[in-house]
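The values are calculated or read from the model by the stated rules, or taken from the named source; none is laboratory data. Note that the structure is a prediction, hence the values are computed from the model and not measured. Here the Cβ is made from the backbone with ideal geometry for all residues, glycine too, and neighbour counts use every protein chain on show. For accessibility, only protein heavy atoms count, side chains too; no ligands or nucleic acids. Shrake-Rupley method; radii C 1.70, N 1.55, O 1.52, S 1.80 Å.
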Amino acid sequence: MPTRHWRVDASYSYIDSGRTNLAAEMVAWYGLKSAEGTQVVQGVRQDATGRFVVDANSYRPGGTVAKWIELGAMTPAANPSLLTTSNGQTIAQEIFTLVDNLNQDKEDLEKRWGVRPHKISFFTAYDFSEGRLKGLTVGGGWRWRSANIIGANSQGGEITGKVITAADLMLGYTRKFSRLPGRVRFQINISNLLDQDEIIPVRRSISATAPDGYTLPGGRGVAYSRYDLVTPREIRFSTTWSY
C-alpha cells in the first residue's frame, strides 16, 4: 500500500461587530440626554407655524445646547428659534438635524446588521508519497457561516436571514521532469463545489406602519428590501515550479 500523509485543518471564529456608545464625546459635548435603546432625546419640535422650538428640559445643564438656550434667554436676537446660521437655518433647526442624523447613525451602526457571528471551516487532504499515486494530493473542505442579522422586530429582537454553507475540492499532482531541475506542481481548486448560489436576504423590509415586516401577497413569504448574491462555483488551475 502506498504511504499517505493526512492533513487536517479546522477553525472556528466568533465576530460581533455591533458598536456601542457611538459618538459618546459628541453626546456629552452637546449635553444630549439618552432615550430608549441606543437613541438620544430629540428636544426640538416644530410648532403650528412650522418654527423649530427647543425644549430646554431635553438637554443636560452645562452642555453646548443648554448654553445656547441660556444665551437666547438674554436677548431675543440670540433665540435659537430665530438666530440663523450661515446656511440659512435657525440654530434650533440645526440642533434638530444634528440629533436626527445622530439617532439614524446610532440605529444603523450600533446594531449588528449583516453580521454572521459564527464561522466554521474544515479542510483535510491526503498526500501520496509512494506507489502509483506518488505525488498526488486529494483534499476537500467544508465552510459554514451562521445566519446574518437582517433586522429587528417591534420588540427589538434580532431577525436572522440564511446560513451559508459551501464544499470545496482540491486536486494536486507534483512530479519531476528529467531535463528540468526541481519539481512542478499542478493543482486545481474548486470553491463552492455544489454551486450553491441562492440569493441571501440582507435587510428585511419594514416601516413605521409595519415594524415586523411585510408579507408578500399570495402567500409568497416575507418581503426583503436588499439581497446579496453568493459567489457561484469557481474553478482555479495553477502551476508551481520550485527548485
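Kindly establish whether Ile190 is touching a strand residue (DSSP E or B) at 6+ places or on another chain (Cβ under 6 Å), of a type in the set (A, V, I, L, M) and modelled with pLDDT under 90.
no
Quick check: anything in region 59-70 of a type outside the set (Gly, Ala, Ser), open to solvent by less than 80 Å² (accessible area, probe 1.4 Å) and within 22 Å of the chain's Cα centre (by Cα)?
Within region 59-70 (the criterion being of a type outside the set (Gly, Ala, Ser), open to solvent by less than 80 Å² (accessible area, probe 1.4 Å) and within 22 Å of the chain's Cα centre (by Cα)), the answer is no, since none of the residues qualifies.
List pairs: first residue in region 21-42 and at positive phi, second residue at pLDDT below 80 and small (Gly, Ala, Ser) anywhere in the structure, Cβ distance under 9 angstrom, at least six positions apart or on different chains.
That search, which allows pairs on different chains as well, returns Gly37/Gly156.
So, of the residues in region 22-48 that are among the hydroxyl-bearing types (Ser, Thr, Tyr) and modelled with pLDDT under 90, which turns out to be most open to solvent (accessible area, probe 1.4 Å)?
Residue satisfying both the conditions and the ranking: Ser34.
May I ask you to list pairs of residues, at least six apart or on different chains, whose Cβ atoms are under 6 Å apart, with the first in region 189-214 being basic (Lys, Arg) and the second being surrounded by fewer than 17 Cβ atoms within 10 Å (Cβ to Cβ)?
Partner pairs satisfying both residue conditions: Arg203/Ser225; Arg203/Arg226.
Which residues, counting only those in region 92-113, are open to solvent by 40 Å² or more (accessible area, probe 1.4 Å), closer than 30 Å to Asp55 by Cα and charged (D, E, K, R)?
The answer is Glu94, Asp100, Asp105, Glu107, Asp108, Lys111.
For region 166-199, what are the residues that are of a type in the set (D, E, K, R) and under 37 Å from the mean Cα position of the chain (by Cα)?
Asp168, Asp195, Asp197, Glu198
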